[in-house]
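Colleague: I have a structure here, written as structure tokens, and I will follow up with some questions on it.
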Amino acid sequence: MSEIVKVSLGGKPHAYEIKIGHNLLNDCGDWARSCLSPVARKLAVISNPKVFSLYGDIVTDGLAAAGYQVSVWKMGDGEKHKNLRSLEKALRFFSESGLTRADGVIALGGGVVGDLTGFAASVYLRGISFLQIPTTLLSMIDSSVGGKTGVNSTFGKNLIGTFHQPNGVLIDLRTLKTLPRRELTAGFCEAAKQGAIGSPALFRRTTEFLETFPVGKLKNILGFADQVEFDSTIEKGRRPAAGQVELEKLIAAQVAFKAEIVTADERETLERSDSRSRKILNFGHTVAHALEKVTDYNYFKHGEAVGYGMLVAGEISKNVAKFDQNELNLLNHVVALTGKLPNCQQIDTEKVIKAFEFDKKNVGDNLQWILLEKIGKPLIFPNSKIPNSVIVNSVNKILKG
Ligand SMILES: NC(=O)c1ccc[n+]([C@@H]2O[C@H](COP(=O)([O-])OP(=O)(O)OC[C@H]3O[C@@H](n4cnc5c(N)ncnc54)[C@H](O)[C@@H]3O)[C@@H](O)[C@H]2O)c1
């Protein structure tokens with residue numbers, strides 16, 4: 001049982017598949033063969049110590065069984081390691097592994113590993129093949145889809161990077177069994193975001209999933225908690241539990257939405273301001289980036305900050321974009337379903353508002369907000385058309401209650 005989402009970019013030869021299912025890691029060797037050139041011999045895996053200790057052996061054994069010569073480098077865990085120093089270490093690792101242009105690299109981990117590995121793959125020998133095995137919910141539905149790669153620097157987050165599409169993405173939902181609760185909440189906030197901007201159907205599917213399978217109980221409901229080790233012999237003969245099927249369908253729908261947007265606007269065209277521009281993926285991000293900045297990037301998970309960002313953008317939308325109160329209630333409801341967000345009482349809202357000025361989504365001098373006219377109908381809205389009082393009141397209402 002698995003779902004496939006195909007991504008083909010603007011008639012270019014580069015098309016790839018995102019495979020989604022349970023217990024797919026066991027067959028990752030065959031999957032890699034199906035994605036890479038038949039002349040590929042070597043595969044370099046980048047992961048981090050935590051993820052590698054959980055899923056490294058099953059992946060490297062699978063790749064070796066498929067005939068690949070496999071090498072592994074474990075980067076440091078966490079956002080602070082997504083930097084130019086790690087990039088250089090990754091490139092040295094590729095070189096020492098003897099990778100040629102025929103070979104490939106694999107990212108095994110969350111968005112940090114994926115962004116760094118993708119960037120390294122895009123510049124090594126001017127670009128080599130790249131496979132993603134995302135292991136956080138956020139990286140499954142968001143960062144592994146769309147080809148944005150990059151690192152942080154002393155002058156800002158994600159300001160250095162490339163567009164480099166993967167040759168394939170393998171999403172094994174069983175890896176979510178070990179994901180901490182806060183990381184699940186962060187991932188579901190991004191899912192709620194994609195539902196809110198995507199369509200009423202995706203929004204409803206996301207809401208209904210979270211109503212049926214509350215985040216705090218997800219692991220038990222999906223039957224993960226009692227199976228700490230992978231056991232393909234048990235899994236293969238077993239019928240999937242209802243929750244597993246629903247989760248797979250939800251992730252496939254989320255991935256399909258993101259793929260649709262990036263297919264139509266791969267490089268986030270500056271001039272586009274329509275409701276299917278890649279910019280809409282930044283719904284909730286103006287406030288999220290500001291919250292992360294004023295808390296030195298060490299208080300919120302990115303997705304949690306997006307949760308607050310959506311609530312603020314919802315309030316502003318009600319005031320300036322005729323976003324209906326009933327729909328705003330639905331938006332607030334789905335954010336609440338994602339789980340508890342960190343307390344904001346200590347945060348200085350003036351500093352948050354000031355931080356909007358430096359949002360990297362600014363175009364020229366103009367800050368652009370992504371607002372909602374309706375669920376599934378986003379609007380790109382200039383900051384200059386929003387009364388300052390609306391912004392101040394909305395930020396205060398959401399962050400200070
Ligand atoms: N490229 C894009 O389009 C894009 C989009 C959104 C976010 N991002 C980037 O993604 C990054 C955030 O990604 P993230 O939320 O996946 O964070 P992350 O990669 O830091 O992972 C979060 C934590 O979960 C751990 N982890 C990962 N998988 C696990 C598993 N299966 N079980 C247990 N622990 C596990 C990691 O070791 C880490 O400690 C940010 O750097 C952000 O800028 C990129």
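The values are calculated or read from the model by the stated rules, or taken from the named source; none is laboratory data. As the structure is a computational prediction, the values presented were derived from the model and not from experiment. We place every Cβ from the backbone using ideal geometry, glycine too, and count neighbours over all the protein chains shown. Side chains included, ligands, DNA and RNA excluded: accessible areas come from the protein's heavy atoms. Shrake-Rupley method; radii C 1.70, N 1.55, O 1.52, S 1.80 Å.
Colleague: Return the only residue of K279, K301 being modelled with pLDDT of 95 or more, within 15 Å of the ligand (Cβ to nearest atom) and surrounded by fewer than 24 Cβ atoms within 10 Å (Cβ to Cβ).
Modeller: Going through K279, K301 in turn, just one is modelled with pLDDT of 95 or more, within 15 Å of the ligand (Cβ to nearest atom) and surrounded by fewer than 24 Cβ atoms within 10 Å (Cβ to Cβ): K301.
Colleague: Here is a follow-up. Taking the range 281-310 as the region of interest, how many residues are of a type outside the set (D, E, K, R) and in a loop (DSSP other than H, G, I, E, B)?
Modeller: 7
Every residue, every condition in (1) of a type in the set (D, E, K, R); (2) assigned to a strand (DSSP E or B); (3) surrounded by 15 or more Cβ atoms within 10 Å (Cβ to Cβ), yes or no:
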position: Y16; (1), (2), (3): no, yes, yes
position: A40; (1), (2), (3): no, no, yes
position: L43; (1), (2), (3): no, yes, yes
position: V51; (1), (2), (3): no, no, yes
position: D57; (1), (2), (3): yes, no, no
position: T60; (1), (2), (3): no, no, yes
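Colleague: Among residues belonging to the range 62-83 that are within 12 Å of the ligand (Cβ to nearest atom) and assigned to a loop (DSSP other than H, G, I, E, B), point out the one that is most open to solvent (accessible area, probe 1.4 Å).
Modeller: Ranking the qualifying residues of the range 62-83, first place goes to D77.
Colleague: Could you say which residue among L91, L138 is out of contact with any strand residue (DSSP E or B) (no Cβ under 9 Å at 6 or more places or on another chain), in a helix (DSSP H, G or I) and under 24 Å from E248 (Cβ atoms)?
Modeller: L138
Colleague: Also, quick follow-up: Name every residue in the range 324-341 that is part of a helix (DSSP H, G or I) and open to solvent by 30 Å² or more (accessible area, probe 1.4 Å), in order of residue number.
Modeller: Q325, N326, E327, N329, L330, N332, H333, A336, L337
Colleague: Additional query: I'd like the full set of residues that are in a strand (DSSP E or B) and closer than 16 Å to L36 by Cβ, limited to the range 94-118.
Modeller: G104, V105, I106, A107, L108 - these are the residues of the range 94-118 that are in a strand (DSSP E or B) and closer than 16 Å to L36 by Cβ.
Colleague: Please pick out the residue among F94, F119, F130 that is open to solvent by 10 Å² or more (accessible area, probe 1.4 Å) and more than 9 Å from the ligand (Cβ to nearest atom).
Modeller: Result of the check over F94, F119, F130: F119.
Colleague: Then there's this: Looking at T149, T212, T178, can you tell me which residue is within 27 Å of L247 (Cα to Cα) and open to solvent by less than 30 Å² (accessible area, probe 1.4 Å)?
Modeller: T149
Colleague: Only one of I106, I197, I128 is closer than 29 Å to F381 by Cβ and at pLDDT 95 or above; which?
Modeller: The match here is I197.
Colleague: Any residue at all in the range 390-400 that is open to solvent by less than 90 Å² (accessible area, probe 1.4 Å), at pLDDT below 95 and farther than 27 Å from L159 by Cβ?
Modeller: Yes, the conditions are met somewhere in the range 390-400.
Colleague: Within the range 141-177, track down each residue that is assigned to a loop (DSSP other than H, G, I, E, B), within 9 Å of the ligand (Cβ to nearest atom) and touching a Gly at 6+ places or on another chain (Cβ under 8 Å).
Modeller: Once the filter is applied, which keeps residues that are assigned to a loop (DSSP other than H, G, I, E, B), within 9 Å of the ligand (Cβ to nearest atom) and touching a Gly at 6+ places or on another chain (Cβ under 8 Å), the range 141-177 yields S144, G147, T149, G150, G161.
Colleague: Which condition from (1) in contact with an Asp or Glu (Cβ under 9 Å, 6 or more places away or on another chain); (2) closer than 25 Å to S199 by Cα; (3) in contact (Cβ under 8 Å) with a residue 24 or more places away in the chain is the one that A290 breaks?
Modeller: (2)
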